[in-house]
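Colleague: Here it is: the structure, laid out below.
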Amino acid sequence: MENKLKKPELLAPAGTIVSALTAFDSGADAVYAGLKKFNARERSENFTVEEMSATIAYAHSIGKRVYVTLNTILKESEVAEFAETVSQVATLGPDAVIVQDLGAIRIIRDYFPSLEIHASTQMAIHNSAGVKVAASLGIGRVILERQISLQELEAIIANSPIDVEVFIHGALCCSLSGICLLSSWMSGASGNRGYCRQPCRYDFAAPDGKRGFFLSTADLCAAENIPRLVRSGVSAFKIEGRLKKQDYVKNTVSAYRLLIDTSEKDFPAALKEAKSLLSLTCGRKWINGFSDRDSFSKMIISGSSGTMGALCGKVESTRNDGFYVSASAKIHLGDRLRVQSEKLEKGVILTVKKILAGGHFVTEAPPGRSCFIPSERRVRKGDNVFKIGESISDLSKKISSLPRCAGTSLDLDISVSARGFAIKVAISGVEFGHFVTAELKKAEKHPLTPEKISAEFASGVPVKFRTGKISAKIEAELFIPLSELKNSRRSFWDWANENINYDPAAEKAKDGLMKFIGDYSGEVKDANICEEITYAVTKSVPPPPGASHVGQSIFDYDSSADELILPFFCGENDIPRLEKLVAAAHGRGVRRFRATSLYCLEILRRYDGITMVSSYPFAATNSIATREFRRLGISQLQIWPELDKDEIINLLSRATLPMELFSSGTIPLLVTRGELGKVAEFSDENGNMFVVRHDPNMKVNMIFSKKSILIPSMPGTCEFRETRFPYPGEKDSCDFNFTKKLK
């Protein structure tokens, strides 16, 4: 890289404290990690509050950063608990929190302003218009949608008022981020709530009986594009993988640290070394990013369900208690293996706990050697053996020595006289004072220096504190034996530990929480906030006279429509076209528009006298979000379809805007820019049928169920019937109710 270019931050995943420390040791500038709740990887082990505090304290001590993920959508019943969690996080002093929900953003911005906010990729921000709206919300950094081409990225950054973060390595979601409902539909586990069951990795059957992994993507590996990405002005490079193990973190961070720090002249040699490291991460086939629109055709690989890993041998024979393998690469104790048939049937995953070779237990089997691996899992002769993880140190000793908390920062101003040490302690403008009596004599040689005093008082700090600026002045040339200087330092810190209990971060967080609770507890209202009106979305559904609006896609506008729906995906290069369509519709008298994504607000905000209504997949799941939508100019909200009946009632009791229920029709369960080949229909193992539709305006492929949604009407809501996506020759079955209990 050229020296004048600012190096992007290298941001690593940390599903555990072990992974966080490994990331720092391997060269990461920062890690992102979640607590046990409210993060989009709730299936990961995640952090306790104590572990997060220790990680932040350690990171700051070595000049590194920690970002806490709070990036799920919030149900109304969780709002108070979420505020309490944020209050805890605020006392820990992370460098930022990563957030998806508009209600969460408002809570943090209004009540915990010390926390910097980063917009999660789950917010589905994919163009410069969306970035500008995010900036207006008080967000300091946007993590872009992963399915963005390099040309689009460069244009977005050129027009961005805030920092932009991009993914450079790891698993790709088949769907555009934040709008996938497939896991909810198939298993009742919402990916937008952190419980995704990864149904896009399942195998499906086409009508002709052919089976394949029609939605399974390659892994992202942007190693070759690092120079161009650096030149683009990206602020941070993000590695995916909070569900991955420590060895993955070590190898990926080491590889990208090497590439970021290497000049463009030496880049080819570094790239070869980096790819060698990345090959140890045992992922799927790589795609090096999206250089242009055509490169999305390489994203989906229907012949593979998931991680195959690095081939390390073949099963020679089997026994009831294990199998013999001929090793083609080293197999070590603690390695994780996948034993897979060539027919791509579901493989067996196991951890190597024992290796028997030549009649003896060994720690490793080198290439070319036959060994026996005990296992209760049954495999078959001829199966391939892949390594999908390596055994490395668990860092237990290092973890045990970490500080227990991030600590309150103290500035010390020490004045030294012959009588002792007068110490002023400052904490965010609040001052304390203490005098340590000691006998200092005139120095004959080796007088005390301010540097020596500062260094001494910076040691032995109790775990609830950390030192900030330490200054010292000495009224004359004085001397004190080292042992007595240490006793004076111990005496001061013993006093401070017992008498200073002021933590400004904790006090501010407590004040913010109390203010939030006071505001929130006073906002319960009558649920009947909206007349019973049906909003039909196409002219094919006759509206009740004088009661409804006839809506259409803005791409299909005709004079019968008085409501136009903006697309939920608009690539950077398509913004000018959309702006012209909105201007033309406004010029013809249309005054009602449906905003389906954050970016829509930037397109519409220039027009006075219009009505903006939110619509799927623009999420509204809690009453605090309704406040934010209202502030942004939205007049009516569509309830997120994953909410169950009880949560809808909770939301209606506090919502500050008229609410609308998605009552019937079809809805995209998965939306991708990837090419799905010639597959037009497929089914899962339970016989559920799905269809593929290409949208030529958004240039995306959408997956629908052949079952339509039918949600019973509820008092206090308008009804919305979605009929933009009918299936020719099919009658809607209307037999799926999305308002069941979901994780």
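The values are calculated or read from the model by the stated rules, or taken from the named source; none is laboratory data. Owing to the predicted nature of the structure, the values given are computational and were not obtained by experimental measurement. Virtual Cβ from ideal backbone geometry, glycine too; neighbours counted across all protein chains shown.
Colleague: Could you check how many residues of the stretch 16-42 are among the hydroxyl-bearing types (Ser, Thr, Tyr) and free of Cβ contacts under 8 Å to residues at least 24 places away in the same chain?
Modeller: Counting residues in the stretch 16-42 that are among the hydroxyl-bearing types (Ser, Thr, Tyr) and free of Cβ contacts under 8 Å to residues at least 24 places away in the same chain gives 0.
Colleague: Criterion first (crowded, with 19+ Cβ neighbours inside 10 Å, more than 22 Å from Lys132 (Cα to Cα) and either modelled with pLDDT of 95 or more or more than 35 Å from the chain's Cα centre (by Cα) (or both)) does Ala561 satisfy it?
Modeller: Yes.
Colleague: Going by the structure shown, is Leu643 surrounded by 22 or more Cβ atoms within 10 Å (Cβ to Cβ), assigned to a helix (DSSP H, G or I) and either in contact with a Leu (Cβ under 9 Å, 6 or more places away or on another chain) or of a type in the set (Ser, Thr, Tyr) (or both)?
Modeller: So Leu643 fails the test.
Colleague: Also, I was wondering about something else. I'd like to know if the stretch 381-389 contains one or more residues that are over 30 Å from Val249 (Cβ atoms), exposed (fewer than 15 other Cβ atoms within 10 Å of the Cβ) and not hydrophobic (A, V, I, L, M, F, W, C).
Modeller: Yes, the stretch 381-389 contains at least one residue that is over 30 Å from Val249 (Cβ atoms), exposed (fewer than 15 other Cβ atoms within 10 Å of the Cβ) and not hydrophobic (A, V, I, L, M, F, W, C).
Colleague: Something else: Can you say whether Ala509 is more than 30 Å from Phe82 (Cβ to Cβ) and either assigned to a strand (DSSP E or B) or aliphatic (A, V, I, L, M) (or both), as far as the supplied structure shows?
Modeller: no
Colleague: Report yes if some residue within the stretch 638-650 is out of contact with any Cys (no Cβ under 9 Å at 6 or more places or on another chain), within 30 Å of Ala205 (Cα to Cα), at pLDDT below 90 and among the basic types (Lys, Arg); otherwise report no.
Modeller: no
Colleague: Being more than 18 Å from Gly571 (Cα to Cα) and more than 20 Å from the chain's Cα centre (by Cα) is the filter here; which residues of the stretch 151-189 pass it?
Modeller: Once the filter is applied, which keeps residues that are more than 18 Å from Gly571 (Cα to Cα) and more than 20 Å from the chain's Cα centre (by Cα), the stretch 151-189 yields Pro161, Trp185, Met186, Ser187, Gly188.
Colleague: Could you tell me how many of the residues in the stretch 667-700 are under 28 Å from the mean Cα position of the chain (by Cα), not in a strand (DSSP E or B) and not basic (Lys, Arg)?
Modeller: Total meeting the criteria: 7.
Colleague: Output the residues belonging to the stretch 434-452 that are β-branched (Val, Ile, Thr) and not in a loop (DSSP other than H, G, I, E, B).
Modeller: Listed by number, the residues that qualify are Val436, Thr437.
Colleague: For the stretch 439-465, give me each residue that is in contact (Cβ under 8 Å) with a residue 40 or more places away in the chain, surrounded by 15 or more Cβ atoms within 10 Å (Cβ to Cβ) and either of a type in the set (Asp, Glu) or under 11 Å from Phe479 (Cα atoms) (or both).
Modeller: The one that is in contact (Cβ under 8 Å) with a residue 40 or more places away in the chain, surrounded by 15 or more Cβ atoms within 10 Å (Cβ to Cβ) and either of a type in the set (Asp, Glu) or under 11 Å from Phe479 (Cα atoms) (or both): Leu440.
Colleague: Conditions: (1) closer than 30 Å to Met52 by Cβ; (2) touching a residue at least 60 places away in the same chain (Cβ under 8 Å); (3) in contact with a Leu (Cβ under 8 Å, 6 or more places away or on another chain). Ile392 meets all but one. Number of the miss?
Modeller: Just one mismatch for Ile392, condition (3).
Colleague: Let me ask you something else. Which one of Glu9, Glu50 is out of contact with any Leu (no Cβ under 8 Å at 6 or more places or on another chain), modelled with pLDDT of 95 or more and acidic (Asp, Glu)?
Modeller: Only one candidate qualifies: Glu9.
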